[in-house]
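Each value in this text was obtained by applying a stated rule to the coordinates, not by laboratory testing. All figures in this text were calculated on a predicted structure; none of them were measured in a lab. With ideal geometry, Cβ positions are generated from the backbone for all residues, glycine too; neighbour counts draw on all protein chains shown.
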Amino acid sequence: MASLARARARNLAEPHCETRMDDQSLEFHRKVYDAYHALAAREPERVKLVDGRVGIAGAAAVLFAVNVTAVLPATPANIGVFQAACVAVLAGAYHVSTPDALAYGIVLQVVEIATAVLMGVPALINEGLSWKDVRLRTMSGAPVKLSPLPAGARTSVAKGVPSKG
């Protein structure tokens, strides 16, 4: 088990970290693995197995796909489009089940948004900006809403201003 070897190597480098599970024998880890697989076979609606072997290529493909979708946002925060990109890559190219790929897309976006908020709020405070300042700057960059022209007024095509007549 490669993950067990990585954990043991990490624990040797960090002597004060929690190691009691990593210190168990390979036989122990095999029994736990087999027990979870048996439980998933007995109760497939309750316990799902997720194949974690997609690897770095799968991670890179998902990252590329979700960033491509961000170029043309169709919804606020790209909700829905982001998850569709994850499902397309993971289910299409890596044969991950659609529900698992969708769940991954949801969790990935939550982590991404939470990271932006957790890093952005201290940055705003450090810059001396308030939420009101951010909102005003956003509103000034938003399209202007014009009130309708009064009844009977015409717009001059040449100048784009209302004219009488």
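By the beta-carbon count within 10 Å of each Cβ, the least crowded to most crowded order of I125, I113, fewest first, is I125, I113. Taking other C-beta atoms within 10 angstrom as a stand-in for reagent exposure, I106, I56 fall in the order I56, I106, fewest first.
Using R0 = 25 Å, the C-beta based FRET efficiency linking K48 and R6 works out to 0.55. Here the calculated FRET efficiency for E127 and S25, from their Cβ-Cβ distance with R0 = 45 Å, stands at 0.25, rounded to the nearest 0.05. Ordered by the number of other Cβ atoms lying within 10 Å of each residue's own Cβ, fewest first, Y104, Y33, Y94 fall into the sequence Y33, Y94, Y104.
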